[in-house]
Amino acid sequence: MSAQASVKRFTAPQIAARKRDTPIVSLTAYTAPMAALIDEHAELILVGDSLGMVVHGLPSTIGVTLEMMILHGQAVMRGSHRAMVVVDMPFGSYEESPEQAFRNAARVMQETGCGGVKLEGGARMAETVAFLTSRGIPVMGHVGLTPQATHVMGGFKTQGRDEDSWPAHIDDARAIADAGAFCVVVEGVMAELANRITSAIQVPTIGIGASAQCDGQILVIDDMLGMSARVPRFVRKFGNAGEICADAIAEYAAAVRDRSFPAPEQTYR
C-alpha cells in the first residue's frame, strides 16, 4: 500500500470536534497541483464557486454550473489526500427544494468523491440542511455576506454594521448549526458579530472577513498568493506569485524574441 493510500482524510465529525480547539486551516483550490500544495497544511479544502471568477473570468458566481463544480472537484480530489474536500453547491442547484438539493448534492459526492458540500443561506435553508444531513450528506453552512445573493444585497457589502441586525444573523447561524451543519462559514461581517456567532453555535465557525476568534479561517488561494488584481480589504497577501509569474513570462518572451531560447542545452542534437 502506498503512503498516500494509507493517509486518512479529515472527516466532518473531526472538523466539528475542532470547536474551540486549534484553529482550522482552510483554503480554496480549483486544480490538482494547487490542492497538492495546500494538502499538507490544511484540514479543509473548499472547491469554491469563486472558481467562476478566479479561473473562468466570470463577473460573479451566478454563472457557475454544477458541471463546472464537479470538474474542479474531481481535480482537487486527485491532488489531495489528507484534507477534507468540500464542494460548493452553485446558484440554482439547491434553492428550489430539499429534494432538488439532495439530487444535486448526491451527484456531486458520487462523481467527485468529496467529503461534503457547502450551501449558502441561514434559517431559510435549515430544512434543506436537515434533509441532506439526515440522508448522509455532510453540509458546511455559509452565513453573513453570501455572494450568490449579492444581487439582492446590492453588492458585496459588509454585514452587521447595524447592531439591530445582529440577532437575525445569529439566528441564521444557529438554525443552520441546529439543522446539522458540521461547520459554518461566516463571511464579511463585523468582528464583534462574528464573535457572537462563534459563541452562539456548537459547531466551528470558519471566518473570511470576520474575526480571528472564529474557530478557523479561509481565503481564496489566488487572493492570498497575490494572483488577483483586486482583493477585498480582509485579504492579507502572503505571497507575490502574480508578480513572480509576470516577470517569468516577460523573461521568456524576451528570450524567444532574441533567439536565446531554446539554447543548446534545451535542443536535441
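The values are calculated or read from the model by the stated rules, or taken from the named source; none is laboratory data. Predicted model only: the values in this text are computed from it and were never measured. Don't worry about glycine lacking a Cβ; one is built from the backbone with ideal geometry, like all the others, and counts go over all protein chains shown. Just the protein is used for accessible areas: all its heavy atoms, side chains included, with ligands, DNA and RNA removed. Shrake-Rupley method; radii C 1.70, N 1.55, O 1.52, S 1.80 Å.
Worth pointing out:
- Rg/Rg_ref, region 209-269, where Rg_ref = 2.2 N^0.38 Å and atoms are Cα: 1.79
- Note that region 48-108 shows a convex hull volume over its alpha carbon atoms of 79 Å³ per residue.
- Cα convex hull, region 99-249: 135 Å³ per residue, rounded to a whole number.
- Among beta bridges from DSSP that stay inside the chain, the antiparallel ones total about 5%.
- Working note: Cα atoms of region 130-209, range along each principal axis, descending, whole Å: 36, 28, 19.
- D_trans [Stokes-Einstein, Kirkwood Rh over alpha-carbon pairs] for region 1-65, 37 °C, 0.692 mPa s, µm² s⁻¹: 238
- Nearest 10 degrees, 0 to 90: helix 66-79 Cα axis against the chain principal axis: 70
- Solvent exposure of region 1-91 as accessible area per residue, Å², 1.4 Å probe: 46
- Cα-based reach from LYS19 at 20 Å (exclusive), listing lysines while leaving out same-chain residues under 8 positions away: LYS118
- Note that region 1-113 shows a convex hull volume over its alpha carbon atoms of 122 Å³ per residue.
- Residue ranges 93-100, 181-188, 228-235, 31-38 sort as 181-188, 31-38, 93-100, 228-235 when ordered by packing (mean number of other C-beta atoms within 10 Å per residue, highest first).
- With respect to the chain, whose longest principal axis is taken over its alpha-carbon atoms, helix 98-112 is tilted by about 30°.
- Compared with the dominant Cα axis of the chain, that is its longest principal axis, helix 166-179 is turned about 90°.
- Diffusion constant of region 42-164 at 10 °C, which comes from Stokes-Einstein with the Kirkwood Cα-pair radius and 1.306 mPa s, µm²/s: 106
- Taking a straight line from the alpha carbon of LYS237, these aspartates and glutamates sit under 15 Å away, with near neighbours fewer than eight places off in the same chain left out: ASP222, ASP223.
- Between the alpha-carbon centres of region 25-67 and region 188-246 there is a gap of 14 Å.
- Pairs of Cα atoms farther than 29 Å apart, the chain, %: 33
- For the chain, the mean residue ellipticity at 222 nm estimated from helices alone is -11000 deg cm²/dmol, where every DSSP H run of n ≥ 4 contributes -39500 (n - 2.57) and the total is divided by all residues, rounded to the nearest 500.
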